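Participant: Structure in C-alpha cells, see below.
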Amino acid sequence: MKRILSILIENKPGALARVVGLFHQRGYNIETLNVGPVFDGSYSRMTVTTRGTENDVEQITKQINKIIDVIKVSDLTEGDHHEYEFIMIKFKRSEKIQKILKSLNGKIHEKNNDAMVMSAWGSSSDIEVAIKSIGKVNLLEIARSGSIGLHEGEKVLKI
Amino acid sequence: MKLSGGDLLMRALKDEGVKFIFGYPGGAALHIYDSIFKQKAFEHILVRHEQGATHAADGYSRATGKPGVALVTSGPGATNAITGLATAYMDSIPLIVISGQVQSHLIGTDSFQETDMIGISRPIVKHSFIVQNTQDIPRIVQEAFHIATTGRPGPVVIDIPKDKTDPSNLYEYKRAKEISLRSYQPRIFPHPGQIKKACKKILSSERPVIYAGGGVILGNAHKELVSLNKLLKAPVTNTLMGLGAYPAKDKYFMGMLGMHGTYQANMAMHNADVIIAIGARFDDRITNTPSMFAPNAKIVHVDVDPASISKIINADIPIVGQVKESLAALIKEIKRSKIKIDSEALDNWNLQISKWREKHGLDHDLYLSKIKSAMIAPQVVVQELYHATQGNAFVTSDVGQHQMFVAQYYHFNKPRRWINSGGLGTMGFGLPAAMGVKLAFPKHEVVCVTGEGSIQMCIQELSTCLQYNLPIKIININNEALGMVRQWQDMNYGGRHSASTYSDSLPDFVKLAESYGHIGMKVTKQSQLKKTLEKAFSMKDRLVFIDVYVDPNEHVYPMLVAPNGSMKDMWITKNTKA
Ligand SMILES: Cc1ncc(C[n+]2csc(CCOP(=O)(O)OP(=O)(O)O)c2C)c(N)n1
Ligand SMILES: [Mg+2]
C-alpha cells in the first residue's frame with residue numbers, strides 16, 4: 001500500500017542524507033521525495049512516498065523517529081489528507097499533451113515554434129494517469145516535485 | 001581565558017569526566033595531539049591500530065558504564081575506526097569517536113587523507129557531528145555525550161577539520177548547564193496503563209519466562225530485575241549480551257538462550273505462555289524461525305527503544321521506557337495487585353524446567369570427568385578458568401566457539417563482567433577490549449578468552465599492553481582452526497573445510513608473547529592445565545599469554561536447528577537432535 005510520510009527535520013548539514021540513507025539501509029524504497037525549509041527555516045519538511053504493509057510503515061516510522069535530527073514524523077495516509085504533485089514538462093508542440101495538462105491546472109510558461117514548457121498539478125494518481133497518457137511521443141523532458149501533502153481538518157504537523 | 005579549538009576540546013572532555021582517551025595520531029589530528037600533550041585531566045593511551053582504540057574505549061565503557069572515547073586521524077585513521085563503531089552500534093555502547101578531518105577548504109577535493117567520515121559512518125552511528133565553527137566544539141562535545149549515553153545508547157562521531165583546531169584562533173569556553181534537543185527526547189518513564197496491563201498478564205500466567213538482554217545491563221537495572229523475580233519466582237534466561245544481568249548462581253537462572261543456549265532455556269521459551277522480554281530485541285540468533293517462535297506465548301516487551309518493539313516478534317503488551325524505571329513501576333504494580341500468581345502451576349513449570357535441565361543441561365562438572373582425557377576439552381578450559389578466578393574476573397572474548405564456551409560455562413553473577421561483541425561478532429575485539437577494562441579496573445583480574453584465529457586480528461595491541469603495563473591474562477583456546485566456521489562446514493558442508501584451517505602455519509604464541517615483552521605459556525595436556533592457570537594468575541603484574549591446545553574436533557552444543565526450526569529444535573550432540 002502507498003504511504004505518504006511527512007517528516008520535520010532540523011535544517012542541518014547531512015540531516016536529509018540520514019533520512020534518505022535509512023530507507024535504503026532498512027530495505028525500504030522511496031518512490032517520491034520532496035523537501036524544503038519551512039517557518040523560520042531552522043527546520044525542513046520532507047514528504048516521502050513509499051510502499052509497504054502496516055508493519056513496514058510502523059517500523060520505518062519508528063526508525064525515522066530515532067534519527068536525532070528528525071523532530072516529527074506523521075503518516076498522512078493514516079487519515080484523511082490532501083495530497084498533490086507538481087510537474088513541469090517540455091514537449092514538442094502537441095495538441096494532445098497541451099490538452100492533458102490543461103485538464104490538470106495546466107499553465108504555459110514558454111512557447112516557441114517547436115516546443116513548449118508547461119506546468120500542471122493534481123493528485124499524484126491524476127499525475128500518474130496524465131504521464132501515462134502523454135506517453136513518449138513529443139515528450140522532451142519532465143520534472144516532478146514528488147508528492148506533498150497536509151492532514152485534513154484540524155490536525156497539523158508542526159513544532 | 002580564550003582557548004584554541006584543541007584546548008576547547010580538552011576542556012570539554014575534562015568536563016565530561018573523561019579519564020582515558022584511546023588514540024593514534026596523524027596529520028589532521030596533530031593540533032589536537034599538541035593540546036593533549038599540555039593537559040593533565042586524562043591519560044592518552046597510544047594503541048597500535050585504530051581498531052584497537054575503538055574496541056578499548058568500547059571495553060572501558062562496557063565495564064564501567066561510562067562513555068568511552070577514541071581519537072583518530074583523518075582518512076585511514078577514520079576508516080580503521082569503522083569496525084569499532086559498527087561493533088559499538090550493534091551492542092548499543094556509548095562510544096565517542098573523534099576524528100581529525102582535512103582542512104575545511106580542502107573537503108571535497110580528494111585531498112591527502114580525506115575520507116567522508118560522516119558519510120561512511122552514517123549507518124553505524126547513533127549520531128554524528130562535523131565541526132563547522134571552532135566555538136561550537138564545547139556544545140558539540142556536550143551534545144555528543146548526551147546523545148551517546150541517554151535513551152538507547154550508541155556511538156557518536158565528532159569529525160573535526162584541522163583548521164578548527166588551529167592554535168592561533170582562540171575562543172571563549174562555554175558550557176551549557178543543561179542539554180535539551182527539540183528533536184531528541186527519549187522516553188524515561190513507562191506508560192502506567194501499559195504497566196497495569198503487563199502486571200495482569202504476568203500474574204495470570206502459568207508458564208512465565210523472563211528473557212532479559214543487554215538492555216538490563218546498559219540501563220543499570222540488574223537490581224530491579226532481581227527484585228522483580230523475588231516476587232515472581234519465574235525462570236530467567238539471559239541473552240549473550242545479558243549474561244550477568246541476572247546472577248547465574250540463582251536457582252531460577254536457566255543459562256543463556258538462543259542459537260547455543262541451554263536446552264532448558266530454549267524449551268522454556270518455546271513452551272511459555274507469557275514471555276517477559278526486558279531490554280532484549282528478539283535477534284535472529286534467539287528466535288530461530290520467527291513464525292515458529294513460542295507459539296503459545298503472549299509477549300510483554302520492555303525496551304527504551306520503541307523501534308525494537310514488534311520489529312521481529314509482535315508484542316502484545318509493549319512498554320516503552322528506561323528499563324530501570326519500567327521495572328520499578330512493574331514491581332510496584334505487582335506488589336499492589338490483588339491477583340496472585342497460580343503458585344501450583346508455577347511450581348510445576350519450574351519442575352518441568354529442572355527436568356529439562358537434568359535431561360540435556362550442560363555438564364558443569366566436565367572438568368572432573370575429563371581429568372584423565374588425552375586431549376583438553378575447550379569447555380574444561382573455561383571451567384578451570386572459572387575456578388581459578390573464583391568467578392570474579394572480567395572476561396572479554398572474541399568470536400567463535402571459544403566465545404560460546406565462555407558464555408555457556410563461565411557463570412556470571414554480576415553485570416558488566418562479560419564483555420563481548422554480540423551483535424556484530426567482531427573477531428579482534430577481545431584483547432583491546434581487555435585493555436580498556438584493565439585500565440578502568442587495575443586491581444581486578446581481567447581475562448581475554450580468545451581463539452588463535454581471533455587473537456591474530458588485533459595481536460599488535462600486545463605492544464600497547466607492554467607500554468602501559470596492563471597485566472591481562474590471555475587464554476588462547478587453540479583448536480588450530482577457525483573453529484566455528486569449521487563446525488558449520490562439518491554440519492552443513494559435508495566436512496569440507498574450505499579455508500578454515502592453518503595448523504601448519506600458526507605462530508609460536510609463546511615466543512610471540514615473549515617478543516612483545518610478555519610471558520608465554522603453552523599447555524597441551526589436561527594434566528598441566530590447572531597448574532599453568534594457577535601459575536599464570538599468580539603473576540599479578542605480568543601479562544601472561546596462555547596458549548592452550550584443545551581437542552580440535554569439539555563442536556558447540558546445543559545448537560538450534562536451522563533453517564525452518566523453532567526454539568525447541570536443537571542439536572544436542574553431533575548425532576542427536578532433541
Ligand atoms: C572480523 C571477522 N571475520 C570473520 C568472522 C567470521 N567468523 C566467525 S567465528 C570465526 C572463527 C574464529 O576462529 P577462532 O578465533 O580461532 O575461534 P574458534 O571458533 O576456533 O574458537 C570466523 C572466521 C568474524 N566473526 N569476524
Ligand atoms: Mg580457533
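Participant: Go through segment B:178-189 and count every residue that is of a type outside the set (D, E, K, R) and within 26 Å of the chain's Cα centre (by Cα).
Facilitator: First, pick out the residues of segment B:178-189 that are of a type outside the set (D, E, K, R): B:179-181, B:183-186, B:188-189.
Narrowing further to those that are within 26 Å of the chain's Cα centre (by Cα): B:184-186, B:188-189.
Total satisfying the criteria: 5.
Participant: Suppose we filter segment B:87-138 for residues that are within 19 Å of B:SER180 (Cα to Cα), assigned to a helix (DSSP H, G or I) and more than 13 Å from chain A (Cβ to nearest Cβ); how many remain?
Facilitator: Matching residues across segment B:87-138 total 3.
Participant: Hey, another quick one. Examine segment B:488-495 for a residue that is surrounded by 14 or more Cβ atoms within 10 Å (Cβ to Cβ), among the small types (Gly, Ala, Ser) and more than 14 Å from ligand 2 (Cβ to nearest atom), and state whether such a residue exists.
Facilitator: Among the residues of segment B:488-495, not one is surrounded by 14 or more Cβ atoms within 10 Å (Cβ to Cβ), among the small types (Gly, Ala, Ser) and more than 14 Å from ligand 2 (Cβ to nearest atom), which makes the answer no.
Participant: Which condition breaks for B:LEU8 when tested against (1) surrounded by 23 or more Cβ atoms within 10 Å (Cβ to Cβ); (2) outside any helix (DSSP H, G or I)?
Facilitator: Among (1) surrounded by 23 or more Cβ atoms within 10 Å (Cβ to Cβ); (2) outside any helix (DSSP H, G or I), B:LEU8 violates only (2).
Participant: Mind listing whichever residues of segment B:440-465 are buried (at least 24 other Cβ atoms within 10 Å of the Cβ), within 16 Å of ligand 2 (Cβ to nearest atom) and either of a type outside the set (A, V, I, L, M, F, W, C) or not in a helix (DSSP H, G or I) (or both)?
Facilitator: Across segment B:440-465, the qualifying residues are B:CYS448, B:VAL449, B:THR450, B:GLY451, B:GLU452, B:GLY453, B:SER454, B:CYS458.
Participant: Out of the residues in segment A:59-74 that are touching an Asp or Glu at 6+ places or on another chain (Cβ under 9 Å) and in a helix (DSSP H, G or I), state the one that is farthest from the other protein chains (Cβ to nearest Cβ).
Facilitator: Across segment A:59-74, the extreme among qualifying residues is A:THR61.
Participant: Condition first: more than 12 Å from ligand 1 (Cβ to nearest atom), away from chain A (no Cβ under 14 Å) and either crowded, with 23+ Cβ neighbours inside 10 Å or within 26 Å of the chain's Cα centre (by Cα) (or both). Can you find one or more residues in segment B:476-484 that meet it?
Facilitator: So the first thing to find is which residues in segment B:476-484 are more than 12 Å from ligand 1 (Cβ to nearest atom), and the list is none.
No; the residues of segment B:476-484 include none that is more than 12 Å from ligand 1 (Cβ to nearest atom), away from chain A (no Cβ under 14 Å) and either crowded, with 23+ Cβ neighbours inside 10 Å or within 26 Å of the chain's Cα centre (by Cα) (or both).
Participant: Right, next: In segment A:1-25, what count of residues is obtained for those that are touching a Ser or Thr at 6+ places or on another chain (Cβ under 9 Å) and either closer than 16 Å to A:THR47 by Cβ or away from chain B (no Cβ under 11 Å) (or both)?
Facilitator: Of the residues in that region, 13 qualify.
Participant: Give just the number: which of (1) out of contact with any helix residue (DSSP H, G or I) (no Cβ under 8 Å at 6 or more places or on another chain); (2) outside any helix (DSSP H, G or I); (3) aliphatic (A, V, I, L, M); (4) within 24 Å of A:MET46 (Cα to Cα) does A:ALA120 not satisfy?
Facilitator: So the condition that A:ALA120 fails would be (1).
Participant: Considering segment B:366-409 alone, what residues qualify as being more than 16 Å from ligand 2 (Cβ to nearest atom), out of contact with any strand residue (DSSP E or B) (no Cβ under 9 Å at 6 or more places or on another chain) and not in a helix (DSSP H, G or I)?
Facilitator: Result: B:LYS370, B:ILE371, B:LYS372, B:SER373, B:ALA374, B:GLN390, B:GLY391, B:ASN392.
Participant: Which one is nearest to ligand 1 (Cβ to nearest atom) among residues in segment B:396-420 that are of a type in the set (A, V, I, L, M, F, W, C) and more than 14 Å from B:MET256 (Cβ to Cβ)?
Facilitator: So in segment B:396-420, the residues of a type in the set (A, V, I, L, M, F, W, C) come out as B:399, B:404-407, B:412, B:418-419.
Applying the additional criterion that residues be more than 14 Å from B:MET256 (Cβ to Cβ) yields B:399, B:419.
Numbers: B:VAL399: 4, B:ILE419: 16 Å.
Per the criteria, the residue is B:VAL399.
Participant: For B:MET267, work out the one condition from (1) touching a strand residue (DSSP E or B) at 6+ places or on another chain (Cβ under 9 Å); (2) within 14 Å of chain A (Cβ to nearest Cβ); (3) assigned to a helix (DSSP H, G or I) it doesn't fulfil.
Facilitator: (2)
Just so you know, all these numbers are worked out from the coordinates, no wet-lab data involved. Keep in mind the model is a prediction, meaning the values are calculated, not measured. Neighbour counts run over all protein chains shown; Cβ positions are idealised from the backbone, glycine included.
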